[in-house]
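Here's the structure we're looking at; comments come further down.
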Amino acid sequence: MLSVIIPTEGVEQTAVATLAALVPGAAAGLIKEVLLVDGTRNGVIERVADVAGCRFIGYEGNSQGTALAAGALHARSPWLMFLPAGAVLDTGWIEETSQFIQAVAASGRDRAAVFRYARSPYVDTGFRDVLWSLARKLVGPLGDQGLLIARDHYDRIGGYPPQARRSEARLLRRLGRSSRTLLRSRIVMVG
């Protein structure tokens, strides 16, 4: 039902943290596949994907948009979930994600969802964190909040622009506030 796409940037620790948080979703049957997308060609993420039973997608380029677009191109499920490496979801995400998908299917309206951002309680908070928090309140969700979207909706709005700067923000802007839902489940970045 759901393909999870994780751009990794060649870092094993953050990829493993996100994969560990997804295990209950796979056990519940919500996640059909996980794609680890990496352009560093250092072999680390390819080994992680092999051990974890994920699909590895290598890509050419150096932008986040290229990685996300490559993952979406290879995904096989009718729903896509984009998560940054290092993202850990609250335990209630499985039920809420299932309910969101069912509600969108029943309504026939195009909707996408992002997770509620929460700072890690183990990281020192600085002035920069306060500014990012303020930015989230003013401009809406940022790319590190993940994205849950139906594949056909993703294709209709043009997906992630591969070569654009800040392609995550551009896609969220194209979605607009009226077709975007902020889920109750929190996403915490580790690492």
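Each reported figure results from applying straightforward, stated rules to the coordinates on display, with no laboratory input. As the structure is a prediction and not an experimental result, all values here were calculated from the model. Positions of Cβ are backbone-derived with ideal geometry, glycine not excepted, and every protein chain shown enters the neighbour counts.
Okay, here's what the table says:
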{"read-out": "Helix-only [θ]222 nm of the chain, DSSP H runs n ≥ 4, -39500 (n - 2.57) each, per residue, nearest 500", "value": "-12500 deg cm²/dmol"}
{"read-out": "Dipole of the range 2-189 [Lys/Arg +1, Asp/Glu -1 at C-beta], most positive-end residue of Leu36, Ala17, Gln163", "value": "Gln163"}
{"read-out": "Simple Cβ-charge dipole of the chain, Lys/Arg +1 and Asp/Glu -1, about Cα centre, in debye nearest 20", "value": "820 debye"}
{"read-out": "Prolate/oblate/rounded call for the chain, Cα gyration tensor, a/c under 1.5 rounded", "value": "rounded"}
{"read-out": "Whether the range 1-84 is rounded, prolate or oblate, judged on the alpha carbon gyration tensor where a/c under 1.5 counts as rounded", "value": "oblate"}
{"read-out": "Relative contact order (percent, whole number), the chain, Cα cutoff 8 Å, 6+ residue spacing", "value": "29 percent"}
{"read-out": "Ranked Ser185, Ser77, Ser178, criterion: other C-beta atoms within 10 Å, fewest first", "value": "Ser178, Ser77, Ser185"}
{"read-out": "Beta bridges per DSSP with both ends in the chain, % antiparallel, nearest 5", "value": "30 percent"}
{"read-out": "Check: the range 43-115 dipole with +1 on Lys, Arg Cβ and -1 on Asp, Glu Cβ, in debye", "value": "180 debye"}
{"read-out": "Ranked Ile6, Ile157, criterion: other C-beta atoms within 10 Å, fewest first", "value": "Ile157, Ile6"}
